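The values are calculated or read from the model by the stated rules, or taken from the named source; none is laboratory data. Given the structure is predicted, the values throughout are model-derived calculations rather than measurements. Ligands, DNA and RNA are excluded from the accessible area calculation, which covers all protein heavy atoms including side chains. Shrake-Rupley method; radii C 1.70, N 1.55, O 1.52, S 1.80 Å.
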Amino acid sequence: MPDALDATPYDALLLLSFGGPEGPDDVVPFLENVTRGRGIPKERLAEVGQHYFLFGGVSPINDQNRALLDALRKDFAGHGLDLPVYWGNRNWAPYLTDTLREMVADGRRRILVLATSAYASYSGCRQYRENLADSLAALEAEGLPLPKIDKLRHYFNHPGFIEPMVDGVVRSLAELPDDVRDGAHIAFTTHSIPVAAADTSGPVEDHGDGGAYVAQHLDVARLVADAVRERTGVDHPWQLVYQSRSGAPHIPWLEPDICDHLEERHAAGVPAVVMAPIGFVSDHMEVLYDLDTEARTKAGELGLPVRRSATVGADPRFAAAVRELVLERAAAESGGRAGALCALGALGASHDLCPVGCCPARAPRPAAAGADSPYA
């Protein structure tokens with residue numbers, strides 16, 4: 001048996017994700033949860049829901065989270081880490097508040113949170129922290145004891161996140177025809193967000209010109225591209241591009257869009273493209289529709305060979321990285337952490353505690369697990 005690892009003072013890990021429908025009847029109610037407060041009519045939600053209906057009304061994200069839960073539990077058990085792992089979602093069952101209520105009933109009082117978003121941004125970090133604050137407020141109103149909650153640092157540049165993506169790109173290049181492989185371009189993709197949100201992502205000192213959101217993605221793209229060059233002996237050109245825009249047309253969002261980028265690369269004479277979705281933890285709906293359906297259709301119209309590399313998903317190296325992040329944070333909370341933290345690239349390890357002014361919301365709301373948390 002492995003030596004026991006100690007996560008004290010933490011007594012549980014919470015996998016916190018976005019959630020998704022698990023059948024056709026779930027699609028519109030799920031989208032109502034996602035867009036609550038925006039005044040979007042149900043008819044428009046049904047139109048948006050067509051992406052899900054193409055896949056039977058089922059988002060793959062819930063099954064992917066189940067697979068990650070299983071990978072985490074197996075890794076923890078295999079390394080002697082006695083730390084139960086729970087799962088809660090922002091927008092669909094199992095709902096975050098219900099999961100926290102269950103955790104409190106189980107006696108959990110110091111909870112670490114792993115969000116299924118690796119980068120700094122309002123929607124990828126602070127909004128999850130706002131959801132945690134909302135759930136804690138609900139438990140408080142019920143008279144339940146409130147656990148202390150901390151969030152694991154951003155893991156975009158952890159080797160356990162980078163290495164599976166490198167493997168995915170190398171495999172995708174190998175799948176291309178021999179005559180176009182060496183000239184292939186790599187399009188690193190992530191979710192487009194409003195330019196104003198990008199510019200204010202991360203701590204205040206990182207604000208401006210895309211903020212931490214763009215800087216972190218560029219760092220990951222360089223890491224992956226450099227590792228691919230070392231593995232293949234070919235220096236493939238690359239660019240960071242965006243997908244899944246959903247905002248009003250008059251509001252500037254990060255560009256170029258992946259489909260526009262494919263047109264531009266084809267016009268420039270590029271013989272093939274590998275689409276590498278570095279901004280996503282798993283192959284959920286925005287990967288399956290925006291890349292595997294929409295972008296592939298565009299590439300087919302152009303006659304441009306494309307491949308799409310895999311996301312990290314439940315890769316054992318990612319599960320091991322989460323274990324390392326848990327033990328790293330536990331050591332810091334216990335006053336025993338020493339030495340450099342595990343991080344690749346130029347940016348170094350992210351902060352443990354989101355500072356005041358980090359990824360601000362347009363309308364200020366309480367957010368847990370940060371320096372400005374009302375639930376210390």
**OP:** Quote the convex hull volume per residue of the range 182-246, based on C-alpha atoms, as a whole number of Å³.
**Re:** 82
Original post:
With N residues in the range 56-114, what two-decimal value do you get for its Cα radius of gyration over 2.2 N^0.38 Å?
Top reply: 1.24
Original post:
When only Cα pairs under 8 Å and 6 or more residues apart are kept, what is the percent relative contact order across the chain?
Top reply: 23
Subject >> Dimensions (Å) - the range 1-124, Cα atoms, principal axes, largest first >> reply: 56, 30, 27
Original post:
If you compute semi-axes √(5λ) of the Cα gyration tensor in Å for the structure shown, which of (i) 44, 21, 20; (ii) 33, 22, 19; (iii) 33, 25, 20 do you land on?
Top reply: (iii)
**OP:** Starting from the eigenvalues of the Cα gyration tensor, five times each then square-rooted, give me the equivalent ellipsoid semi-axes of the range 246-354, largest first, whole Å.
**Re:** 37, 17, 14
Subject >> Solvent-accessible area, 1.4 Å probe, carbon plus sulfur percent, for the chain >> reply: 52
Subject >> Over the chain: helical MRE at 222 nm, DSSP H runs n ≥ 4 each giving -39500 (n - 2.57), nearest 500 >> reply: -12000 deg cm²/dmol
**OP:** Determine one quarter of the surface area of the Cα convex hull of the range 304-343, which equals its mean projected area, and express it in nm² to one decimal.
**Re:** 4.2
Original post:
Which value, in Å² rounded to 10, gives the accessible area of Glu333 with a 1.4 Å probe and all protein chains present?
Top reply: 80
Original post:
Any idea what % of Cα-Cα pairs in the range 190-314 are farther than 25 Å?
Top reply: 27
**OP:** Name the most mobile residue of Val220, Val312, Val34, meaning the one with the largest mean-square fluctuation, in a Gaussian network model of the chain with Cα contacts below 10 Å.
**Re:** Val34
**OP:** Output the relative contact order of the range 112-173, whole-number percent, from Cα pairs under 8 angstrom with separation of 6+ residues.
**Re:** 42
Subject >> Solvent-accessible heavy-atom area per residue, rounded to whole Å², over the chain at 1.4 Å >> reply: 42
**OP:** For His191, His79, write out the residues from largest to smallest accessible area, computed with a 1.4 angstrom probe and no ligands counted.
**Re:** His79, His191
